[in-house]
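The values are calculated or read from the model by the stated rules, or taken from the named source; none is laboratory data. Note that the structure is a prediction, hence the values are computed from the model and not measured. Here the Cβ positions follow ideal geometry from the backbone for every residue, glycine too, while neighbour counts run over all protein chains shown.
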Amino acid sequence: MNAPRIAYICADPGVPVFGKKGCSIHVQEVIRALRRRGAQVQLFAARRDGNPPGDLRDLVVHTLPGPANCDRAERERAGQRANAILAGLLQKARPFDFVYERYSLWSFAGMDHARASGVPGLLEVNAPLIEEQATHRGLVDHAGAEDIAARAFNHASALVAVSDEVATYLRARAGESCAVHVIPNGVNPERFPQNLAPTWRWPENALKVKNLCIGFVGTLKPWHGVPALVEAFARLRDAFPNARLLIVGDGPERDALKTRVSELGLEGVTHFTGAVAAEQIPGLLAAMDIAVAPYPRLERFYFSPLKVYEYMAAGLAVVASRIGQLSEVIHDGRNGLLCEPGDADDLATQLLRLCGDAALRVRMGDAARQTIAHSHTWDHVAKRILGIAESCRHISIHSAALASSPAPIAPVEESVRSSAARRSRNQRSADSLVRAKRLVAQEHADQAVRAPGKSRLLKPPARGVPV
């Protein structure tokens, strides 16, 4: 259908949907791209952080309970209780043609609603949240988080992973019960027009002094590897005394980085902007000649870094660590350069290569821009999402037939650990659903061979079973 109605759910209190973080930009840009393709989107969000940008002012936003000011265990219970509220809001706002949710630790009502209503439910997964939460922030109800993940994954029509690493994680958890699709992050090229005037200038620019700006954009956290960039920058200064370092962003590593910059005698040639709004990024990138993504060596690199797509869309020469998805997006020596993760010496070597060859910087920047335009825009992302939703339509109808009544929103006292027993009782239904998904996948593959390129989102059945 021409104008599908979509429920976009972000129940994660750590994702401010109208904020400055990368996850915030992701939410906003996916919604924009879906709307550009004619979709009518309603947003269900736990955290706003301000008003919508001007072009999203008319977006219908349903507010979910935000982060509770209490201890960790109670916050987790509050997150589970929010499912009842989300279920009620979805029921009131229905019907939807499909539900698209950004997976969060305690949310399952969105996929429940989609399954019971007989419409596709797509669950986007950006990270192994349970392991991430337990490692970096602390997790009290680990078993409850596991059960909610199993319930959401099982009830989803399809899982959308932002990287191959996340897809591997999901296939290990979900098995054959749900199809896993990889859709990396994207970028809006219109935000990065050629010949955009820089919004930051070094003081000596006023004296017509030409310098060479190396830059980084992102949160200053350990896993972004900025210390290696500072060390590499110090190594190349003797060869290129006109080099400057622009670090855009803020975070817990800022003080330590500033201390190291001072120790190396780089204060006069290094600038920290602090946190900036998303609309300021294009002008700051326009001030750079080279952009860097200096990730350290990580055991599990599951990111799809927005910064790299933005660097490339801006036509910058990029140096990035040879890790995870980056080595697939950046073809070493063609649209950027790769270095060994966390290796300041290798990073310095690649930077020196670019600093000494302006023509190479231009060629790689142009190739990077073409790479983005060809396959890494948010419009590409939205097209994939709508295509997956269409392919899942028949699966969703079958799921609704299996779920003659939706699973209740369990009281917190009972927690969600009863889902294990529920999954056991429904194993035969699940097996039937797997067989149905395989048949539907084959059907659509056959249709694609018979009529390639003919694809539209079909109208779902009438309202279906209420949640």
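Under 7 Å between Cβ atoms, at least 6 apart or on separate chains: pull out the pairs that start in the range 360-373 with a residue that is in the same structural domain as residue 313 (by TED's automatic domain parsing) and end on any residue that is basic (Lys, Arg).
Here the result reads 367/334, each pair linking the range 360-373 to a residue that is basic (Lys, Arg).
Listed here are the residues, each with its yes/no results for (1) in the same structural domain as residue 340 (by TED's automatic domain parsing); (2) in contact with a helix residue (DSSP H, G or I) (Cβ under 9 Å, 6 or more places away or on another chain); (3) hydroxyl-bearing (Ser, Thr, Tyr); (4) at pLDDT 95 or above.
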| residue | (1), (2), (3), (4) |
| --- | --- |
| 179 | no, yes, no, no |
| 200 | yes, yes, no, no |
| 208 | yes, no, no, no |
| 226 | yes, yes, no, yes |
| 232 | yes, yes, no, yes |
| 259 | yes, no, yes, yes |
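Give the residues of the range 230-249 that are closer than 21 Å to residue 201 by Cβ and touching a residue at least 24 places away in the same chain (Cβ under 8 Å), sorted by residue number.
Once the filter is applied, which keeps residues that are closer than 21 Å to residue 201 by Cβ and touching a residue at least 24 places away in the same chain (Cβ under 8 Å), the range 230-249 yields 233, 237, 240, 242, 243, 244, 245, 246, 247, 248, 249.
I'd like to know if the range 45-63 contains one or more residues that are among the small types (Gly, Ala, Ser), over 13 Å from residue 9 (Cβ atoms) and surrounded by fewer than 16 Cβ atoms within 10 Å (Cβ to Cβ).
yes
Condition first: among the small types (Gly, Ala, Ser) and in contact with a Lys or Arg (Cβ under 9 Å, 6 or more places away or on another chain). Now tell me which residues in the range 176-205 satisfy that.
Within the range 176-205, 177, 179 meet the criteria.
Collect the residues in the range 312-337 that are more than 22 Å from the chain's Cα centre (by Cα), outside any loop (DSSP other than H, G, I, E, B) and surrounded by fewer than 21 Cβ atoms within 10 Å (Cβ to Cβ), keeping them in residue-number order.
Result: 332, single match.
Identify the residue in the range 15-31 that is of a type in the set (D, E, K, R) and under 13 Å from residue 277 (Cβ atoms) and, among all such residues, is surrounded by the most Cβ atoms within 10 Å (Cβ to Cβ). Explain how you work it out, then say what you get.
Step one: of the range 15-31, the residues of a type in the set (D, E, K, R) are 20-21, 29.
From what is left, the residues that are under 13 Å from residue 277 (Cβ atoms) are 20-21.
Values: 20: 19, 21: 17.
For the range 15-31, the residue satisfying everything is 20.
Does residue 97 satisfy the criteria of being in the same structural domain as residue 390 (by TED's automatic domain parsing), touching a residue at least 40 places away in the same chain (Cβ under 8 Å) and charged (D, E, K, R)?
It is true that residue 97 is in the same structural domain as residue 390 (by TED's automatic domain parsing), touching a residue at least 40 places away in the same chain (Cβ under 8 Å) and charged (D, E, K, R).
I need the full set of residues from the range 124-145 which are of a type in the set (A, V, I, L, M, F, W, C), outside any helix (DSSP H, G or I) and more than 15 Å from the chain's Cα centre (by Cα), in order please. Break it down into steps so the answer makes sense when it comes.
Start the filter on the range 124-145 by keeping residues that are of a type in the set (A, V, I, L, M, F, W, C), which leaves 125, 127, 129-130, 134, 139-140, 143, 145.
If we keep only those that are outside any helix (DSSP H, G or I) as well, we get 125, 127, 139-140.
Within the range 124-145, 139, 140 qualify.
Of all residues in the range 311-327, which are at pLDDT below 95 and in contact with an Asp or Glu (Cβ under 8 Å, 6 or more places away or on another chain)?
Correct list: 324, 325.
Here is a check on your reading of the model: is residue 162 without any contact (Cβ under 8 Å) to a residue 40 or more places away in the chain and either in contact with a Lys or Arg (Cβ under 6 Å, 6 or more places away or on another chain) or in the same structural domain as residue 32 (by TED's automatic domain parsing) (or both)?
Here the answer is no, as residue 162 does not meet what is asked.
Quick grid of which residues meet (1) surrounded by 15 or more Cβ atoms within 10 Å (Cβ to Cβ); (2) touching a residue at least 60 places away in the same chain (Cβ under 8 Å); (3) not hydrophobic (A, V, I, L, M, F, W, C):
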residue	(1), (2), (3)
257	yes, no, no
261	yes, no, no
273	yes, yes, yes
280	yes, yes, yes
301	yes, yes, no
307	yes, yes, yes
310	yes, yes, yes
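Restricting attention to the range 36-78, which residues are under 25 Å from residue 106 (Cα atoms), modelled with pLDDT of 95 or more and either among the small types (Gly, Ala, Ser) or not assigned by TED's automatic domain parsing to the domain that holds residue 19 (or both)?
Across the range 36-78, the qualifying residues are 45, 46.
Here are the criteria: (1) in a loop (DSSP other than H, G, I, E, B); (2) in contact with a strand residue (DSSP E or B) (Cβ under 7 Å, 6 or more places away or on another chain). Tell me which single one residue 181 does not satisfy.
(1)
Any residue that is acidic (Asp, Glu) and either within 17 Å of the chain's Cα centre (by Cα) or in a strand (DSSP E or B) (or both) - is there at least one of those in the range 159-171? Step through it out loud before you land on a result.
Quick first cut of the range 159-171, residues acidic (Asp, Glu) only: 164-165.
Filter once more, keeping what is either within 17 Å of the chain's Cα centre (by Cα) or in a strand (DSSP E or B) (or both): 164-165.
Yes - at least one qualifying residue is present in the range 159-171.
Tell me whether the range 194-207 contains one or more residues that are in contact with a strand residue (DSSP E or B) (Cβ under 8 Å, 6 or more places away or on another chain) and either in contact (Cβ under 8 Å) with a residue 12 or more places away in the chain or acidic (Asp, Glu) (or both). Spell out the reasoning first.
Residues of the range 194-207 in contact with a strand residue (DSSP E or B) (Cβ under 8 Å, 6 or more places away or on another chain): 200, 202.
Filter once more, so that each one left must be either in contact (Cβ under 8 Å) with a residue 12 or more places away in the chain or acidic (Asp, Glu) (or both): 200, 202.
Yes, the range 194-207 contains at least one residue that is in contact with a strand residue (DSSP E or B) (Cβ under 8 Å, 6 or more places away or on another chain) and either in contact (Cβ under 8 Å) with a residue 12 or more places away in the chain or acidic (Asp, Glu) (or both).
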